[in-house]
């Protein structure tokens, strides 16, 4: 089927970003076949279906390079006991109980809810990191089912950890990696690891071997809190990145998440191994763990992407948070205007290309038909030279009207087409109190 998304302000992004007023994007199947002037493309493709984008801005779909779908059912829950005073207590008193309390339908719903929120926010590709030791085997199949139903792209993994049982999750990861193989452009797989301080050398060696044999990367939290660094120094006599690299868990397809508490020698290893880093500013602020040294990473040409760490599925809000955080942290109002958007609009696409083997993040002939179409009436001139100003100070507050992935319209006129949002939310409200009760008894 051929569709013209016409009469909007088309922002192509890519190396030669163009802003086309009264522009159109024409899709056929899963690909873009033309981008240009609306009147001209209407003449070229007269029989195509038409979606009117008047009063809207058309962008490539947004990408989240680190998410935790499974955290959804904790929303609104009163955490039992004394409030956590540090990061390790947050894990012990909240997240490590949440993941143990999840049952099969909880896992499915916990994925469906944030996937609906992805559609509402124009997020069309997600790299997720899952944990559910109470219902581990087959859990990634449930998440895959939710992602396919939603219609977006997802790279999935299970969070291997020794905290409940030695090597917990290794087989689930290995099974899913074998099942997915090289992927189909919609679903990909990685080897998930929790963090250095919950993984023994034995487990880490096993995971790295599976990943290397399958040609996939490792997806691991790295020095999110100082406790991870101190644990590695005490147990292994080296910082976290040195340990992971020594064990083979670094490389071009690997994702190091957070990297808040790393030193210059660790940054040099990340750069030398071409490992990608994912920055999660809202989560780091929420957990009070510190601020990633973003500019020290970037000046080493390290590929740094942007994730949410389960906080939300709104990538524009995450970009704006990164912009503000690094101005404050560096006491410098001259920084982050270029860098924060680059993490979202360019670097995330580079990371996904390593995972899926496809090039996203640009509206151009031959590219995948993934789009976010937002309500936006520019109050000032909008062109290639000032687009970032509109992105940071205008589009961040705009509402997504239509979301397209793989050429399929998944939300239109703000109505989710691929999922039954009302039914899913109602069922989640039924099951959440039961999950909370199980958690309180752990």
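Just so it is clear, none of the values below were taken in a lab; they were calculated from the coordinates. Quick caveat, the model's predicted, so the values are computed rather than measured. Cβ atoms come from the backbone with ideal geometry, glycine included; neighbour counts cover every protein chain shown.
Computing semi-axes √(5λ) of the Cα gyration tensor in Å directly from the structure and comparing it against [x] 44, 23, 19; [y] 35, 25, 21; [z] 38, 28, 19 singles out [y]. Computed from Cα atoms, the angle from the helix 421-440 axis to the main principal axis of the chain rounds to 10 degrees.
Can you tell me how much longer the chain between residue 145 and residue 117 gets when fully stretched, taken as 0.36 nm per residue apart minus their C-alpha distance, in nm with one decimal? Before the final figure, lay out the partial values.
Numbers: separation 28, 0.36 × 28 = 10.08 nm, distance 1.65 nm.
Gain in length upon complete extension: 8.4 nm.
Need one word for region 1-157: rounded, prolate or oblate. Basis is the Cα gyration tensor (sqrt eigenvalues a ≥ b ≥ c); a/c below 1.5 gives rounded, then a/b vs b/c decides. Since a/c reaches 1.5 and a/b is larger than b/c, the shape of region 1-157 is classed as prolate. Once the Cα atoms of helix 104-120 and of the chain are each reduced to a long axis, what angle between those two axes, in degrees from 0 to 90 to the nearest 10, is obtained? The answer is roughly 40 degrees. Relative to the 2.2 N^0.38 Å rule of thumb, region 288-442 has a C-alpha radius of gyration ratio of 1.26.
With a 10 Å Cβ neighbour count serving as the proxy for reagent exposure, in which order, fewest first, do 115, 59 appear?
On the way: 115 30, 59 27.
Arranged by neighbour count, lowest to highest, 115, 59 become 59, 115.
When peptides 381-388, 124-131 are ranked by their average number of other Cβ atoms within 10 Å per residue, the highest-first order is 124-131, 381-388. In whole Å, how far is the Cα centre of region 3-45 from that of region 291-335? Here the two parts' Cα centres lie 31 Å apart.
Sorted by average packing, counted as other Cβ atoms within 10 angstrom per residue and highest first, what order do 259-265, 194-200 take?
194-200, 259-265
Ordered by the number of other Cβ atoms lying within 10 Å of each residue's own Cβ, fewest first, 139, 232, 418 fall into the sequence 418, 232, 139.
Neighbour counts of other C-beta atoms within 10 Å: give me 155, 50 arranged from fewest to most. Numbers along the way, then the final one.
Details: 155 28, 50 15.
Going from least to most buried by this count: 50, 155.
Counting only alpha carbon atoms, the long axis of helix 139-150 and the longest principal axis of the chain meet at about 10°.
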